[in-house]
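Here is the structure we will look at, set down as structure tokens.
FYI, it's all coordinate maths here, none of it is from the lab. These figures come from a predicted structure and were not determined experimentally. Cβ coordinates were reconstructed from backbone atoms using ideal geometry, including for glycine residues, and neighbour counts include every protein chain displayed.
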Amino acid sequence: MPASDDGGGAASVLLRPPPGLAVEQGLEGDDEVILSFPLGTGARSHAPLTGAEEAVLADLLLGYSNAEISERRRVSVRTVANQLAALFRKLGVHSRLEAARIAAERMSQKQAGGVRGVAHLDSSVAQVSGRSDNMSENVTLFRPVDRMG
Amino acid sequence: MRQRDSLEREPAPASAVPAEVIWGEVTGGRFQVVDWYDRDGRRYVVTRRATGTTTQGLTERQRLALARRSAGAALKVVAFELGVSLSTVARDIERAMAHLGLKSQGDLAAVLGHASV
């Protein structure tokens, strides 16, 4: 990393390039340049998910709202919101849709015989859906109706 | 967290100007952020060479304040750290953001959020 960024001094170190920064488009003499960097490299925490966070993620994958998750888990809506916030931070995402996509990727990789640390999530989804062979099975069982009892 | 690596591809073909140099131009206010968007696990930042009065660059205090703020530090925390008043640091950041072409706190976090400590 070049320390000799002109006119920056010590402060320029604080605004150093994000890891993986690349020039996408625009070469010499061009007035418009497009830069890119991989998402989630800086803000994402590498901390493992807690049991509560994994449980909330499993519910999120089933399409429950915060209120519904709160009812299922017997915790307050605020607790659910806090657990989701921690979950999003750890996954490096900003919405439940993104979180669901990441979790789905994890599961498909797990089924393809890969990643450690998702067994808990996997089993909790499998438990609800009854099957875990592929995602379309889970989708057909979106929002099961057995929770009123 | 390595499972997202599949989404990240190799860097673009070598440019005549290294990305770090252009980054320095952007954070120095000599290139302005026009737009940003996300695609395929990467954030793309469209920048354009600054013209007119904006080519002056940032002051040292503006850079410090901007860096701390984009790292998520609250305005009053930044003000305390830099030993200036809240209104001063707010003005520093507002002007620094205008320099860089950042129109909102969302822009600030999106473009500089991953770059600051």
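Suppose R0 equals 25 Å. What FRET efficiency, 1/(1 + (r/R0)^6) with r the Cβ-Cβ distance, do B:V77 and B:D35 give to the nearest 0.05? Working shown, then result.
Details: r = 30 Å, r/R0 = 1.18.
Computed FRET efficiency for B:V77 and B:D35 comes out at 0.25.
Between B:E94 and A:T79, take the C-beta separation as r, use R0 = 25 Å, and let me know the FRET efficiency to the nearest 0.05. It would help to have the intermediate numbers written out before the result.
On the way: r = 36 Å, r/R0 = 1.46.
FRET efficiency, B:E94 to A:T79: 0.10.
Residue-wise, which Karplus ³J(HN,Hα) couplings in Hz belong to segment A:84-93, taking 6.51 cos²θ - 1.76 cosθ + 1.60, θ = phi - 60°, and x for glycine or proline?
Couplings: 5, 4, 5, 4, 4, 4, 5, 7, x, 10 Hz.
Mind listing the long-range amide H neighbours of B:T47? Cut-off is under 5 Å, sequence gap 5 or more, other chains count too, H placed in the peptide plane at 1.01 Å from N.
For B:T47, whose amide H was placed from the backbone, the distant partners under 5 Å are A:V33, A:I34, A:L35, B:V34.
For segment B:99-104, take each phi angle, set θ = phi - 60°, evaluate the Karplus expression 6.51 cos²θ - 1.76 cosθ + 1.60, and give the result in whole Hz per residue in order, putting x for glycine and proline.
Taking θ as phi minus 60°, the curve returns 4, 7, x, 8, 9, 8 Hz for segment B:99-104.
Using only Cα atoms, figure out Rg for segment B:56-117 and give it as a multiple of 2.2 N^0.38 Å. Intermediate values should be presented prior to the final figure.
On the way: Rg = 10.4 Å, N = 62, 2.2 N^0.38 = 10.6 Å.
Output field value: 0.98.
Hey, got a sec? Which trypsin sites (Lys or Arg not before Pro) in segment A:46-97 land in a DSSP loop and have at most 10 other Cβ atoms within 10 Å? Show your work: numbers first, answer last.
Details: sites: A:R72, A:R73, A:R74, A:R78, A:R89, A:K90, A:R96; in loops: A:R74.
Counting only loop positions with at most 10 other Cβ atoms within 10 Å, the trypsin sites (Lys or Arg not before Pro) in segment A:46-97 are A:R74.
How many nm separate the modelled label positions at B:S104 and A:A100, each set 7 Å beyond the Cα in the direction of the Cβ?
2.3
Measuring from centroid to centroid over Cα atoms, what is the spacing of segment B:19-51 and segment B:56-81 in Å?
19
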